[in-house]
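Here's the structure, in structure tokens; my notes come after.
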Amino acid sequence: MIETNGAPAPAAQKNVDTTFHAAPKPLAKDAITEDWPCFLGPRHNGFSAETRLLAKFSPGGPTLVWEMAKGEGYAEPAITGERLILFHRVDDNEIVDCLNASTGERFWRYAYPTAYRDRYGYCNGPRSSPAVSGDYVYAYGAEGKLHCIDLKNGRVMWKRDLLKEFKLPQNFFGVGSSPLVEGDLVIINLGAPRGPCVAAFDTKTGKLAWGAGDEWGPSYASPVPATVQGKRRVFVFAGGESRPPTGGLICIDPADGRVDFKFPWRGTRHDSVNASSPVVVGNQVFVSECYGSGGTMLDIAPDLGCKTAWTAPTFGTHFMTAIPKDGYLYGVDGHGPDDAFFCCVELKTGKELWRTQPEWEETLKTRSGERKTTLGTYRCNLLMIDGRCLCLGEYGHLLWLDLNPKGYKELDRCWLVSASETWTPPVVSRGLLYICQNTQGSRGEAMRILCYDLREK
């Protein structure tokens, strides 16, 4: 399982898959920057500390720095220092690419075979985003293969085939929950029949450290760590394919896998899933799904028990993670795209203050000509950054928003990619914005990862 790793770190090499367009502007001297090492960022909540970013887009959007043709998948890139980790599928291989974050040059590539096929006709690539911690990359593929890879040189340190080892049936869309590195553990929303529901593996050896829970299958929500009532805990919103549909929130002590509480929460449809990650606000935790139950806020007691603070049946997020801000919660209710409504609810009570479905007319350029069409944010993702909200819409629009309880307020908008399924959350690190185009563009453009200059002028 473990490979000896004494190989030196290679320098970045010219990448034939990358087109470099323009060098980014220098960072402002007082700009605050940070890594983005895992799904939802360093605070696991879609909040970034970056500052000195563009206040307004140019008519064509921010300057494109580089782009790289990528394979199938919805995984969010991870960034640490000058290295960007992209997890995707090309032909019959799942691939972990380590790129220079500023130029798209390649440090190394690791590939392994996959036979996964999506039963619903979506892409066949990985859904789960890689995580970087220290010198290692952790990638959890669509078929449940978990790899620990040396960040410097791409050598595999250890690997486990979790679907085979734990006899996991394929979930609706394969594996979709991202790994969480917490201390010396990599924590996985596993969902093994009769348990464990959640498993923790030693980051250096891959050895199973503990398993927790025995009721619920794997979901598409990623584990979230937080300190509640002065104690460090991991929250997992579980629940995938089962008859009848079951699932809910589990609160776990990461030190030993002890379960503090389990709170059932799941839609009633067999083909429902729990896909939005938990949102921790102080000593409260919000979970939500869009197949019938909607959202609920839980109060966490000093003894780590829980009780319902409020429920919001019409605030059901699908796979985006809601954003708390100044006493309010913002997110997208609905399965979408036709019923994807941008909403604001009060954190204290769950009272809905407003809802809207932002739409506008666009000129869609295709290989056969141009036509007018109506597009909008729909199943978007939100990133709180530099005092504003950066929104990436389902069809490739980028927006600056002012989130407030009085109403939806658009500050600026541009159209980066004309493609559907732009469901990968936007990533910003060192003033550079990274967007994944997950389907062919309207004019035949290949799937790509694109890097834009978001640095202040």
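Within segment 204-215, identify whether any single residue is in a loop (DSSP other than H, G, I, E, B) and under 21 Å from the mean Cα position of the chain (by Cα), and answer yes or no. Within segment 204-215, not a single residue is in a loop (DSSP other than H, G, I, E, B) and under 21 Å from the mean Cα position of the chain (by Cα).
Across segment 89-124, which residue is surrounded by the most Cβ atoms within 10 Å (Cβ to Cβ) among those that are touching a residue at least 60 places away in the same chain (Cβ under 8 Å) and within 18 Å of the chain's Cα centre (by Cα)? Residue satisfying both the conditions and the ranking: Cys123. When Met320 is tested against (1) in contact with a strand residue (DSSP E or B) (Cβ under 9 Å, 6 or more places away or on another chain); (2) surrounded by fewer than 22 Cβ atoms within 10 Å (Cβ to Cβ); (3) touching a residue at least 24 places away in the same chain (Cβ under 8 Å); (4) not β-branched (Val, Ile, Thr), only condition (2) is not met. Among the candidates Asp412, Asp402, which residue alone is touching a strand residue (DSSP E or B) at 6+ places or on another chain (Cβ under 7 Å) and free of Cβ contacts under 8 Å to residues at least 24 places away in the same chain? After ruling out the rest, the residue left standing is Asp402.
Every condition in (1) over 30 Å from Pro337 (Cα atoms); (2) in a strand (DSSP E or B); (3) more than 20 Å from the chain's Cα centre (by Cα); (4) touching a residue at least 24 places away in the same chain (Cβ under 8 Å) is met by Ala226 except one, and the failing one is (3). Given the criteria among the charged types (D, E, K, R), under 24 Å from Asn45 (Cβ atoms) and either assigned to a strand (DSSP E or B) or at pLDDT 95 or above (or both), does Arg379 qualify? Criteria met by Arg379.
Inside segment 427-457, residues that are charged (D, E, K, R) and not in a loop (DSSP other than H, G, I, E, B) make up a count of 3. Counting only residues that are surrounded by 12 or more Cβ atoms within 10 Å (Cβ to Cβ) and in a loop (DSSP other than H, G, I, E, B), segment 10-39 holds 18 of them.
The values are calculated or read from the model by the stated rules, or taken from the named source; none is laboratory data. All values reported here derive from a predicted model rather than from experimental measurement. For neighbour counting, all protein chains shown are included, and Cβ atoms are generated from backbone atoms with ideal geometry for every residue, glycine included.
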